[in-house]
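The structure appears below as structure tokens.
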Amino acid sequence: MNMHHTESNLIEIKNKIKDKINLLSLDQYNPKIIAVSKTFKKQDILPLLNYGHCDFGENKVQEALLKWSELKHKYKNVKLHMLGKLQTNKAKFAVEVFDFIHSLDNLKLANKLANEIHKKDKKVKMFIQINLGGEKQKSGIEPNDLEMFYKNCLSLKLDIVGTMCIPPDNQDPKSFFKDLLYLNEKVKLSEISMGMTNDYLDALEYRSTYLRIGTGIFGKRTN
Ligand SMILES: *Cc1c(COP(=O)(O)O)cnc(C)c1O
């Protein structure tokens, strides 16, 4: 049987995760893998869908609508995750196509999402993105604002499941993963979205529950 390279990559990653979890002696720990398919085409994604993988990630609303509207009809178990910066004026479309939004980071967006979700009676789970590195150019709320922001989201009846971070480039991600785990426990949320191709094994040490892996599964992106 001929295995597609994305499928063998995914299996290898799953094995590495299993080994690391054994090494850490953690039972009942079963993090999910989001296959980040941004910039890749339907035909690159189909082998993983047919293999039965369910969680996929994109970072642009328009691209996700084009690629996934049809695919989601055919593959009913798919959960699509929005990972990129979400503009408020795209909230309506985001709610149509995404099952999870990992990049909730301001109240204006929270309000708009709440409106659209209640209008359409959709279920969308959300992560609050936190800017742990204090980087001006990066999205995310300040760590000190988390409790207040979370409260505001709850009063809008948003289904907040966890927190998310993208650590600064060229720094050891571990201290950021540690910070996110701490913050997540402080507000008693159950899910943590952290860890990418280069650091997903480190993220396991800090109980990430959603690993976002693109390059490691699909290969290098050309744009
Ligand atoms: C692209 C992207 C990823 C995947 O990155 P890789 O290094 O290719 O695994 C993860 N998270 C976010 C937010 C992304 O934009």
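The values are calculated or read from the model by the stated rules, or taken from the named source; none is laboratory data. Keep in mind it's a predicted model, so treat the numbers as computed, not measured. All Cβ positions, glycine included, derive from the backbone under ideal geometry; neighbour counts span all protein chains shown.
Tell me, which residue of the range 57-102 that is among the polar types (S, T, N, Q) and either closer than 20 Å to K119 by Cβ or at pLDDT below 95 (or both) is surrounded by the fewest Cβ atoms within 10 Å (Cβ to Cβ)? First the steps, then the outcome.
Of the residues in the range 57-102, the ones among the polar types (S, T, N, Q) are 59, 62, 69, 77, 87-89.
With either closer than 20 Å to K119 by Cβ or at pLDDT below 95 (or both) added as a condition, the list becomes 69, 87-89.
On the way: S69: 11, Q87: 11, T88: 14, N89: 9.
Applying the filter and picking the extreme gives N89.
Residue-wise test of (1) modelled with pLDDT under 95; (2) buried (at least 16 other Cβ atoms within 10 Å of the Cβ); (3) within 16 Å of the ligand (Cβ to nearest atom); (4) over 26 Å from W68 (Cβ atoms).
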{"position": "M126", "(1), (2), (3), (4)": "no, yes, yes, no"}
{"position": "D159", "(1), (2), (3), (4)": "no, no, no, no"}
{"position": "N184", "(1), (2), (3), (4)": "no, yes, no, yes"}
{"position": "E191", "(1), (2), (3), (4)": "no, yes, yes, no"}
{"position": "D202", "(1), (2), (3), (4)": "no, yes, yes, yes"}
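Taking the listed residues S175, S208, the one that is assigned to a helix (DSSP H, G or I), on the phi < 0 side of the Ramachandran plot and of a type in the set (S, T, Y) is S175, with no other qualifying. Among the conditions (1) assigned to a helix (DSSP H, G or I); (2) of a type in the set (D, E, K, R); (3) out of contact with any Ser or Thr (no Cβ under 9 Å at 6 or more places or on another chain); (4) without any contact (Cβ under 8 Å) to a residue 24 or more places away in the chain, E147 misses just one, which is (4).
Summed over the range 185-222, the residues that are within 15 Å of the chain's Cα centre (by Cα) and not hydrophobic (A, V, I, L, M, F, W, C) give a count of 14.
Counting just the residues of the range 204-223 that are more than 11 Å from the ligand (Cβ to nearest atom) and closer than 24 Å to S25 by Cβ, which one comes out surrounded by the fewest Cβ atoms within 10 Å (Cβ to Cβ)?
Looking only at the range 204-223, we keep the residues that are more than 11 Å from the ligand (Cβ to nearest atom), and these are 204-209, 222-223.
Of the ones still in play, those that are also closer than 24 Å to S25 by Cβ are 204-209.
Values: L204: 23, E205: 16, Y206: 20, R207: 19, S208: 27, T209: 20.
Filtering first and then ranking leaves E205.
Pairs linking a residue in the range 211-223 that is at pLDDT 95 or above to a residue that is among the basic types (K, R), with Cβ atoms under 8 Å and 6 or more positions apart or on different chains, are L211/K32; G214/K38; G214/R221; T215/R221; R221/K38. The set of residues in the range 105-136 being more than 16 Å from the chain's Cα centre (by Cα) and of a type in the set (A, V, I, L, M) consists of L107, L109, A110, L113, A114, I117, L132.
Taking the listed residues K138, K120, K174, the one that is in contact (Cβ under 8 Å) with a residue 12 or more places away in the chain, surrounded by 13 or more Cβ atoms within 10 Å (Cβ to Cβ) and away from the ligand (no atom under 15 Å from the Cβ) is K174, with no other qualifying.
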